[in-house]
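The block underneath contains the structure these notes are about, expressed in structure tokens.
The values are calculated or read from the model by the stated rules, or taken from the named source; none is laboratory data. Keep in mind that what you see is a predicted model, and the values were worked out from it rather than measured. Note: ideal-geometry Cβ built from the backbone for every residue, glycine included; neighbour counts use all protein chains shown. The protein model used for the area step is the full one, side chains on, heavy atoms only, and it has no ligands, DNA or RNA in it. Shrake-Rupley method; radii C 1.70, N 1.55, O 1.52, S 1.80 Å.
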Amino acid sequence: IRNIGEIEFPLSALVACENVDEPSPECATASMIIQGGALRTYPFDPTVDSVQVLLKTDGRPLNARIELLQGPNNNKQVIELYTEDGFDRPFFC
């Protein structure tokens with residue numbers, strides 16, 4: 001996860017590997033701050049079927065790029081997202 005916003009616009013992020021349809025309680029409590037311009041990687045085991053990603057802010061704009069890499073020779077999946085208010089409209093997938 002790369003926060004492509006300015007340093008004044010930190011976001012909270014957590015990546016967990018489970019079969020999920022909505023954010024788990026762990027996702028809400030175990031997130032960490034990623035400052036604007038920073039990059040954070042989350043490695044996980046190849047046997048994982050799915051992951052959950054929750055991005056939110058304290059009401060400031062949310063501007064992020066998420067890249068999912070599945071091995072050295074595969075194309076990466078990329079999501080670029082922006083929302084004016086990351087508290088009222090957090091991102092979850």
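Scanning segment 82-93 for residues that are in contact with a strand residue (DSSP E or B) (Cβ under 9 Å, 6 or more places away or on another chain) and either in a loop (DSSP other than H, G, I, E, B) or closer than 16 Å to Val15 by Cα (or both) turns up Glu84, Asp85, Gly86, Phe87, Arg89, Pro90, Phe91, Phe92, Cys93. Restricting attention to segment 49-76 and to residues that are over 20 Å from Gly5 (Cα atoms) and in contact with a strand residue (DSSP E or B) (Cβ under 7 Å, 6 or more places away or on another chain), the residue that is modelled with the highest pLDDT turns out to be Lys76. When restricted to residues that are open to solvent by 60 Å² or more (accessible area, probe 1.4 Å), among the aromatic types (Phe, Trp, Tyr) and within 9 Å of Lys56 (Cα to Cα), segment 67-91 contains 1.
In segment 45-66, is there at least one residue being in contact with an Asp or Glu (Cβ under 6 Å, 6 or more places away or on another chain) and either of a type in the set (A, V, I, L, M, F, W, C) or in a strand (DSSP E or B) (or both)? Taking every residue of segment 45-66 in turn, at least one turns out to be in contact with an Asp or Glu (Cβ under 6 Å, 6 or more places away or on another chain) and either of a type in the set (A, V, I, L, M, F, W, C) or in a strand (DSSP E or B) (or both). Take the conditions assigned to a loop (DSSP other than H, G, I, E, B) and within 10 Å of Pro10 (Cα to Cα) and apply them to Gly71. Does it pass? Against the criterion (assigned to a loop (DSSP other than H, G, I, E, B) and within 10 Å of Pro10 (Cα to Cα)), Gly71 does not qualify.
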